[in-house]
Each structure stands twice: as structure tokens, then as C-alpha cells.
Amino acid sequence: MRIEDTDPARHAGIEYPMEVGAPVFAPIKVTEEKDKAVNVARQNAKLEYDRIMEQAEVLMKQANALQARLDTTEMVHSAKFSFNPIHGKIYHLYYDARNSTNVLIQNGPKEWSCGIPDGWTYSMAVKKLGDSTWAVIEEDSLDALTV
């Protein structure tokens, strides 16, 4: 016996075959398929989000390093020095308590024959970079350069 239907578009939405010779199929559980699709979308979005956050972290590190260089540059340019600093050379910043100023000189804390002058406190080693900013040189790097 054949089931008569006047609307052929209805065949796609019915959960059972409409004719005797029609292939057997199981109905798709739409809610399960939607859940799977949402889970796949969430996984892909999380991977993309994590990748973007890694890039943002790198950019934040670069921005912080640049800000540190600018702060160091301002500190060096506010210091007293009477020479023309050369790009790529390491200099040393001291605080002169008597005059309440920073002083930029070429001698490091271990390079004084008679010791650091009275009232001076060693602050940091700095290096003038090619873009005319100044970067702080870590003490570990400084020790490795002198050995």
C-alpha cells in the first residue's frame, strides 16, 4: 500500500520512509548534533583565543621593554655628563647625594683605583642603543663581558 501525500516537500521532514522501496534511515537527533557542533566551535574558538592571547602576551612584553628603555633614557638624559656617549658602549649611572643628581660616567663600580667617590651610590649600567634610547644592562651580563 502506498501512502499518498500532496506535499512532496514534506517527505524530507518525516521520520519514516514514505514508500515501500525507500531506503531505511534513522532519524537524526538534532539536539545531539547541535551540541556536537557547539562543542567543536568552542574548541576551535578556544584554540584561536589562546593563540591570540599568546600574541598579546608577546606584545605586552615588548611594550613593557620599550617603556623601560624610555624610562632609562629619561633618567640618563637628566643625569650630568660631559662627553658624547657612543652607541653600543656601556656606561655607568651613579647617584651623587651631595648634589642630588645622577652622574653618567665610563667607570664601573669595580674600575675605580681609589674607590667610588664619597657620597656616590652606584645605580646601574646602561648602554646607548642605535635608536638613541638607553637600556639597562643586567649585572650578570656585565660580569660576563669583563671576564
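When a 1.4 Å probe is rolled over the protein heavy atoms, the share of accessible surface on the range 48-128 that falls to carbon and sulfur comes to 55 percent. Phi angles of the range 70-87 translate, via the Karplus equation with coefficients 6.51, -1.76, 1.60 and θ = phi - 60°, into HN-Hα couplings of 5, 5, 5, 4, 5, 5, 5, 5, 8, 7, 8, 7, 10, 8, 9, x, 9, 4 Hz per residue; Gly and Pro are given as x.
Residue-wise HN-Hα couplings along the range 122-137, as the Karplus relation 6.51 cos²θ - 1.76 cosθ + 1.60 with θ = phi - 60° gives them from phi, are 5, 9, 6, 9, 10, 9, 7, 8, x, 8, 6, 8, 10, 10, 6, 9 Hz; Gly and Pro carry x.
Put simply, the amide H of Ser123, placed in the peptide plane, has neighbours under 5 Å in Leu93, Tyr94, Tyr95, leaving out anything fewer than 5 places away on its chain.
The values are calculated or read from the model by the stated rules, or taken from the named source; none is laboratory data. Just so you know, these numbers come straight off a predicted model, no measurement behind them. For the accessible areas, the whole protein counts, side chains as well, though only heavy atoms, and no ligand, DNA or RNA atoms are used. Shrake-Rupley method; radii C 1.70, N 1.55, O 1.52, S 1.80 Å.
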